[in-house]
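Okay, so here's the structure we're looking at.
The values are calculated or read from the model by the stated rules, or taken from the named source; none is laboratory data. Everything numeric in this text was worked out from a predicted model, so none of it was measured. All Cβ positions, glycine included, derive from the backbone under ideal geometry; neighbour counts span all protein chains shown. Calculation scope for accessible area: heavy atoms of the full protein, side chains included, ligands and nucleic acids excluded. Shrake-Rupley method; radii C 1.70, N 1.55, O 1.52, S 1.80 Å.
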Amino acid sequence: MAPKQSGDAGGVSYSIGTDIGGTFTDCVVVDAQGRITTGKAPTTPSDRSAGFFDAVTDAAGKLGLGIEDLLAQTETLVHATTTATNAVVEHKGATVGLITTKGHGECLSIMRGAGRSKGLDVDDLLYLPGTSKPPPLVAPHLISEITERVDFRGEVVVALDEAQLRGEIARLLDAGAETLAIAFLWSLTNPAHEQRARAIAHELAPDVFVSCSHEIAPRVGEYYRFVATVMNSYVGPLMTRYTDRIDEGARARGYRRPVLFAQCIGGTAPAAEARRRPLLTLDSGPVSGIVASNFLGEAVGYRNIITADMGGTTFDVSVIAANQPQRRESTNIDKFEMYLPMLDVESIGAGGGSIAWIDPASGTMKVGPRSAGAEPGPICYSRGGTEPTVTDADVVLGFVNPSAFLGGRQQLDAEAARAGIARLGEQIGKTVEETAAGISEIADNLMAEKIRRMTVYRGFDPRDFVVFAFGGAGPVHAGAFARDLGVQAVVVPIGNIASVLSAMGTVSSDVVHVHDKTTKLLAPFDMDALDVEFAALEDAANAQLVEEGFNPSDIVTVRYVSMKYGAQTFDLEIPLEAGSDSAATAASFEAAYEQRYGKGSGFAPAGIEIMRIRVHASGRLPRPHLLTDRARPTSNGTAPATRPVWWRERGGWIDTPVYTEVAGRIDGPAIVELPDTTVPVRPDAHIDCDDHGNLILRFD
């Protein structure tokens, strides 16, 4: 059942969004008037649900409430989690048994021939002897090939051998399989054999977690579909236990509604859906930051946004063009590529906890991708970290005040950070300041290059965009890398809320389900036939949301088509505008293709094909209000203090004014010190505040 909708009798006061990061777990509480209260707590890797409730408790305390009182008055509780992502990256998922069509058991190991090189950068690609395939997702003895065959039309060519299937399921379970992934050839056109196989599996083992490929990734391309199905089973038991801990823990503390979980496709889903398709929670935290950026951008008039989310572990980048977040159809993890529709966010290891090190081969300093994470964290955290990080450099350079970190709730050891960076500098003959500035500059260059790849390389001009800088460290570095990109401005969303914007995004979301179908239509398209296919998907999507408690009037559906030129392998998804005829649909595709790949890159004589249709169905949830009276204090006031800051633009230390509020223009160099983040105003830049509380950093 969906959370209570706006206007229901007896409505309660709060909406809560949470996001677990590599270092901190963030919480945002929004009341009915739009007032925002934030909470933060260290992430607890051994049991992330503990950090979840710690962050909610922190926010409750700022409201003068206990966590039980807050949750009892909460209308919506939404959670973005890294649990599934970490299980995949750290290889800590379940042991999976794969059941597939006879003759296709080696699909995963063949990897379409790209397993050695997928996701590698140019340097690694040029050294072929150093590449290798990743460890197998499924051990060879846990793969069962079953006699059955459905053709591409969905017609049964060879019946399912149920006796063989029963024997193989029993064998897999006896051999140690904890979960099952069922992926038959062409099940996407006729899922009957997969459905029957799941029923038999549950007859033999009622509690076993089972994933079927026609539900997880119903698309042509068996390798990508098989990987997605196996991954879903790999993280299934872990996510089931985790969602139960969150759900039961919230209920025990007074929350009376279903917990919602953020998804990588944007939007949220009930806990039951997160248990069934946990793969959709991958990267849900970074995606929630995109959702929040788009929500705020639409509210204040920014159509083109580059999101720059810098947390403790990674720097995450995405592009919103004309208020449309970019999407992608597949993702790559540890060289395995799988069908996983999601908002297009890319990450690099350039977070605050990214470790600086000396490359023994070249003698040069590098930053990341390895991170100090939450445990032990940067040296300045005094939790046992011994390797200098980007955060340590920010402290040494004076950007981060060690006595005001997290509003003074955590004291940082500046001397320990300085000593650690000094040890690193000795290896390359640099002073402490030069080394710290080098760490910062390397990280800034990595971030700028990632943004160029997400914009320039994809047909977008950064000069048409603003950067939304968020995450605890995003505002600290955005002024440095954004100038090189030539963007119009840097926006620090709602000031201090920027540090927890991904958590804010979870309560700016609707419940979203995606229904898609593989098809093949050639231009000129039969739009009537296409409408019939879309109507069937919309009926299924609407029924699902109604079952979850939404009124039909609160449901919105959007149609998408995936298209390509004839003989091409990959397709491009575009929205299908209402009332579009065949010619308009083809023209929209060609315009999108040229925007992505360059003018003249299309080849219409090859023909245009629709390969897949998709419906995004949203159940509308109450959205937080944006308060205009949250924004400006009455004046900047006199800077309460100055402190030495090492500005690389000036090549040395400068006594720099430190402000805790922004009401009007402040010229750099200056520091704006907020409770949970810091905004350096670089020399030759200035900062101001708009009527929604956003800090706007521009370059002179």
Rounded to the nearest Å, what's the spacing between the alpha carbon centres of region 183-221 and region 479-521? Just the number, please.
-> 34 Å
Exposure of Arg612 as accessible area (Å², to 10), given a probe of 1.4 Å and all protein chains = 10 Å²
For a quick protection proxy, order the peptides 481-487, 502-508 by their average other-Cβ count within 10 Å, most packed first.
-> 502-508, 481-487
What angle, in degrees between 0 and 90 and rounded to the nearest 10, separates the Cα long axis of helix 527-547 from the longest principal axis of the Cα atoms of the chain?
-> 70 degrees
Determine the order of Glu148, Glu387 by accessible area, beginning with the largest, at a probe radius of 1.4 Å.
-> Glu387, Glu148
Lysines whose Cα lies under 29 Å from that of Lys62, excluding same-chain neighbours fewer than 8 positions away | Lys4, Lys40
Calculated FRET efficiency for the pair Arg423/Arg303, C-beta based, R₀ 60 Å, to 0.05 | 0.80
Relative contact order %, region 135-277, counting alpha carbon pairs below 8 Å whose residues are six or more apart | 17 percent
Between helix 582-597 and the chain: long-axis angle, C-alpha atoms, 0 to 90°, nearest 10 | 50 degrees
In degrees from 0 to 90, rounded to the nearest 10, what is the angle of the helix 48-62 Cα long axis to the longest principal axis of the chain?
-> 50 degrees
Relative contact order of the chain (C-alpha contacts under 8 Å, at least 6 apart) in percent is 13 percent
Highest-first arrangement of 355-362, 613-620, 681-688, where packing means the average Cβ count within 10 Å = 613-620, 681-688, 355-362
What does the highest-first list of 522-531, 16-25, 190-199, 281-290 look like by mean Cβ count within 10 Å?
-> 281-290, 16-25, 190-199, 522-531
Report the extension gain between Asn551 and Arg463 in nm, rounded to one decimal, defined as 0.36 nm multiplied by the number of residues separating them, less their alpha carbon distance.
-> 27.4 nm
Largest-first ranking of His91, His104 by accessible area, probe 1.4 Å, whole protein assembly kept, is His91, His104
FRET efficiency, Ala535 to Lys92 (Cβ-Cβ, R0 30 Å, nearest 0.05) | 0.10
Computed over the Cα atoms of region 168-289, the Rg and Dmax in Å are 15.7, 47
Relative counts (whole %) of C-alpha pair distances in region 422-465, using bins that are 5 Å wide | 5, 22, 18, 13, 11, 10, 9, 9, 3
Within region 508-545, which residues have the backbone N less than 11 Å from the label spot 7 Å out from Arg327 along Cα→beta-carbon, could you tell me?
-> 513-517
About the Cα centre, charge dipole magnitude for the chain (Lys/Arg +1, Asp/Glu -1 at Cβ), debye = 480 debye
For region 216-280 the mean separation of alpha carbon contacts under 8 Å (6+ apart) over residue count, i.e. relative contact order in percent, is 33 percent
Surrounding charge for Gly472, neighbours by C-beta under 12 angstrom, Lys/Arg +1, Asp/Glu -1, total -4
Which value results for Rg/Rh of the chain when Rg is the Cα radius of gyration and Rh the Kirkwood radius based on the inverse mean 1/r?
-> 0.97
Expressed in square angstrom to the nearest 10, the accessible area of Val220 with a 1.4 Å probe stands at 70 Å²
